[in-house]
Amino acid sequence: MCGRKTNVIPIEEWLQTLRAASDEPGEPGAYIAILSPHNAVHLGLSATPARCRALARALLGLRHTEPVTEHDVIDGLSEVMNILAGKVKASMAGRDGQLHLGLPMFVANPIRSGGESESASERVRLGPVECTLRVYRRQRAA
């Protein structure tokens, strides 16, 4: 066995991989681009399907027992994302006055960042609803 390379994976790597796998059951979400000649990011809001329905109900002023259609959920989450992105754009306008909003896009699973992009996310509560905020952008060439 002398000279043979061992393939023992450190325990911490197992835990990190398990944590990443636990995030994989996708959360539906709405995403919107904010663009300028200097900045290009996608902002996102995702949550479990039940929490997406709760956000849609809140936006529509419905009680938690009232049903919502899939169309209402998609429109509601997209509208919440549009409102949030508009506030972000207004807040960032002093730093980049050329920012423009794209149209909201609803996807069944969160966008995964690839090797050429970077992302950040944070769990938050919108009212009583736990959600994940996500930001994606392409890495700039060095």
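The values are calculated or read from the model by the stated rules, or taken from the named source; none is laboratory data. Note that this is a predicted model, so its numbers are computed, not measured. Note that each Cβ is placed from the backbone with ideal geometry, even for glycine, and that neighbours are counted across all protein chains shown. Ligands, DNA and RNA are excluded from the accessible area calculation, which covers all protein heavy atoms including side chains. Shrake-Rupley method; radii C 1.70, N 1.55, O 1.52, S 1.80 Å.
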**Prompt:** Using the heavy atoms of the protein chains alone and a 1.4 angstrom probe, what is the accessible area of the stretch 42-94 per residue in square angstrom?
**Reply:** 57 Å²
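For the chain, count the residues as N, evaluate 2.2 N^0.38 Å, and divide the Cα radius of gyration by that value, please.
Working: Rg = 19.0 Å, N = 142, 2.2 N^0.38 = 14.5 Å.
Normalised Rg, Cα atoms only: 1.32.
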**Message:** Mean-square fluctuation check for the chain, GNM, Cα pairs under 10 Å: which of 42, 71, 100 is largest?
**Reply:** 71
**Prompt:** Taking +1 at the Cβ of each Lys and Arg and -1 at the Cβ of each Asp and Glu, which of 45, 135, 107 sits farthest along the dipole of the chain towards its positive end, judged by Cα position relative to the Cα centre?
**Reply:** 135
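Based on DSSP loop calls and a cut-off of at most 13 other Cβ atoms within 10 Å, the longest stretch of the chain free of exposed trypsin sites (Lys or Arg not before Pro) is what? Walk me through the numbers on the way to the answer.
On the way: sites that count: 4, 5, 63, 95, 112, 140.
With trypsin sites (Lys or Arg not before Pro) excluded where exposed in loops, the chain gives 6-62 as its longest stretch.
Treat the stretch 34-75 as a sphere of radius equal to its Kirkwood radius over Cα pairs and apply Stokes-Einstein at 10 °C in a medium of 1.306 mPa s; give the translational diffusion coefficient in µm²/s, rounded to a whole number.
On the way: Rh = 11.9 Å.
Approximately 133 µm²/s, per Stokes-Einstein.
Got a number for carbon plus sulfur as a percent of the chain's accessible area, 1.4 Å probe? Don't jump to the answer; show the numbers that get you there.
Details: 5610 of 10020 Å².
Whole-percent figure for carbon plus sulfur exposure: 56.
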